[in-house]
Amino acid sequence: MDQGFRIVTGEVSRLVIDRVGKRNALTREMWEALPGLLEPLAVDPAVKVLVVSGAGPTFSAGADISELVAGADPADPMAEIRAANLRAQAALREFPKPTLAVIRGHCIGGGLEIAVNCDFRFAAHGSTFGVTPARIGVVYPPAAVKVLLDLVGPATTKYLLFSGELLSAGQAELKGLVDRVVAADDLDVDVDAFAAKLVARSQLTNRSAKETVNSLLAGEDADQTAYKRYQETISSGELTEGVRAFTEKRTPRFGWN
């Protein structure tokens with residue numbers, strides 16, 4: 001375990017939030033550590049998918065409240081933790097491979113920030129979701145608000161931020177906050193099956209799609225990067241293999257990493 005996280009590497013690598021005694025509350029040290037923990041997984045060609053989960057019965061109850069006003073500057077005591085939090089969110093959002101949050105129990109505040117910066121969210125029945133800054137007088141930074149806004153739209157973003165109310169897994173699914181809700185006993189099986197599906201797909205296509213979506217959400221021109229990836233599908237043989245496998249009615253054997 002490193003700074004409250006545990007990592008298991010493989011084709012499907014796993015990042016586990018591991019502060020069970022504190023309901024996996026996220027500290028400044030954990031936010032600061034996260035980009036460095038993700039970096040080697042991002043460049044390792046053996047890693048195809050990243051699954052993010054919480055140890056024990058809770059994904060994460062949010063930020064460690066005791067640290068929110070512990071900064072050195074009395075005029076802005078949250079400056080350091082806010083900066084670390086935004087860097088961590090960006091590192092997860094820009095991770096070049098598919099990411100999947102697996103949610104049990106509470107997924108609140110900083111925990112929800114981790115989840116919404118993943119590409120997918122699978123949740124167990126009985127899990128709950130919320131953003132609670134209005135309960136304690138925290139102003140959410142625009143970068144964090146935009147992630148929610150892009151995912152669920154303005155009405156749900158305002159509902160979550162204004163009210164601080166918690167949503168059930170079913171409500172979260174209806175609002176687009178969660179992609180799939182299943183029985184708790186079936187969650188790991190469902191996640192493993194979906195992760196295996198992602199591993200079997202063209203990694204080049206998945207990377208290109210993620211880059212394009214992120215660029216478009218950021219208001220950037222995605223054409224140049226997408227065309228570069230298209231050329232790579234040809235030079236690497238991915239496109240040829242995909243078309244051949246389709247015509248031969250077999251599973252493609254993609255070799256690009």
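The values are calculated or read from the model by the stated rules, or taken from the named source; none is laboratory data. Keep in mind it's a predicted model, so treat the numbers as computed, not measured. Positions of Cβ are generated from backbone atoms using ideal geometry, with glycine treated the same way; all protein chains shown enter the neighbour counts.
The set of residues from region 1-44 being farther than 19 Å from residue 80 by Cβ and of a type in the set (Val, Ile, Thr) comprises 7, 8, 9, 12, 16, 17, 20, 43.
The residue that is nearest to residue 202 (Cα to Cα), among those in region 56-114 that are modelled with pLDDT of 95 or more and among the hydroxyl-bearing types (Ser, Thr, Tyr), is 99. Of all residue pairs spaced 6 or more apart or on separate chains, those with beta-carbon atoms under 6 Å, a first member in region 24-39 that is among the basic types (Lys, Arg) and a second member that is crowded, with 23+ Cβ neighbours inside 10 Å are 28/81. Scanning region 233-252 for residues that are in contact with a helix residue (DSSP H, G or I) (Cβ under 6 Å, 6 or more places away or on another chain) and assigned to a helix (DSSP H, G or I) returns 233, 238, 239. Residue 247 satisfies every condition listed in (1) over 27 Å from residue 103 (Cβ atoms); (2) in contact (Cβ under 8 Å) with a residue 60 or more places away in the chain except (2). Residues of region 196-237 that are touching a residue at least 40 places away in the same chain (Cβ under 8 Å) and more than 18 Å from the chain's Cα centre (by Cα): 200, 201, 202, 204.
With region 1-69 as the region, which strands (runs of 3 or more DSSP E) entirely inside it contain at least 1 residues that are among the aliphatic types (A, V, I, L, M) and either out of contact with any Ser or Thr (no Cβ under 8 Å at 6 or more places or on another chain) or surrounded by fewer than 19 Cβ atoms within 10 Å (Cβ to Cβ) (or both)?
5-8, 12-17
Applying the criterion of being among the hydroxyl-bearing types (Ser, Thr, Tyr) and touching a helix residue (DSSP H, G or I) at 6+ places or on another chain (Cβ under 8 Å) to the residues of region 186-232, the residue that is farthest from residue 42 (Cα to Cα) is 230. Among the residues making up region 189-232, those that are over 23 Å from residue 100 (Cβ atoms), of a type in the set (Asp, Glu) and not in a loop (DSSP other than H, G, I, E, B) are 223, 232.
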